[in-house]
Amino acid sequence: MYPQFNIATALTWLRIAAIPAVVLVFYMPGEWMRPIASMIFAMACITDWFDGYLARRMSQTSQFGAFLDPVADKLMIAVALVLILQADPRVIIALVAAIIIGREIAVSALREWMAELGARNRVAVSGIGKAKTTMQMIGVGCMLFTRDLIGIPVYEIGLALLIIAAGVTLWSMVGYVRAAWPRISDSEQVS
């Protein structure tokens, strides 16, 4: 059986389809290409809010949509971080990218493992996880912009937000591990 296709899922697929567009525009020649890539990224991020809102409002929530939505977020953030790091290979940016991408991989693996144990609800998305995603999206969008805007140092603001987001990322991962720890301890004793 195929997953149900609805407007919320279509918006999530649109967010995934925007990823190669961001990459292509980011590398096009011209002084405004990176700000345009940032705008495409921002529009894709806005669909993150709308797809969830519409799914709940129109009673179109689905297991497939619940799976696809965070995958789209993680893909967007990871690809954008790689673009930023390639354009600005400073240590701080490499550390932030490694923390954010590494955490996403670790928490996804933890969720999958907890699901196999029948305890996925212990590591469900939390409010701090949503705040982390929002900070990452805003920070990455600012850094993709790469230019000052009417004297405002947009890139530096984005970097500051990403550094904070990396801290929140680690904090939320600790929360997920603590929530899963009783099941982790139980499974270790059984082995």
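The values are calculated or read from the model by the stated rules, or taken from the named source; none is laboratory data. Just so it is clear, the structure is predicted and the values come from calculations on it, not from any experiment. Counting neighbours? That spans all protein chains shown, and the Cβs are built from the backbone with ideal geometry, glycine included. Side chains are part of the model used for accessible areas, which takes the heavy atoms of the whole protein and leaves out ligands, DNA and RNA. Shrake-Rupley method; radii C 1.70, N 1.55, O 1.52, S 1.80 Å.
Structure data summary
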| item | result |
| --- | --- |
| Accessible solvent surface per residue of region 1-68, calculated while the other protein chains remain in place, 1.4 angstrom probe, Å² | 65 Å² |
| Two-decimal ratio, region 37-105, of alpha-carbon radius of gyration to 2.2 N^0.38 Å | 1.33 |
| Sulfur and carbon atoms: percent of accessible area, region 54-166 [1.4 Å] | 66 percent |
| Charge tally in the Cβ shell below 11 Å around Thr133, where Lys, Arg are +1 and Asp, Glu are -1, Thr133 excluded | -1 |
| Length-normalised contact order of region 49-151 in % [C-alpha pairs under 8 Å, at least 6 apart] | 28 percent |
| Three-way shape call for region 6-124 based on the alpha-carbon gyration tensor, with the a/c threshold at 1.5 | oblate |
| The chain: relative contact order in percent, alpha carbon pairs under 8 Å with at least 6 residues between | 23 percent |
| Calculated Rg and Dmax of region 69-117 using C-alpha coordinates, Å | 12.7, 42 |
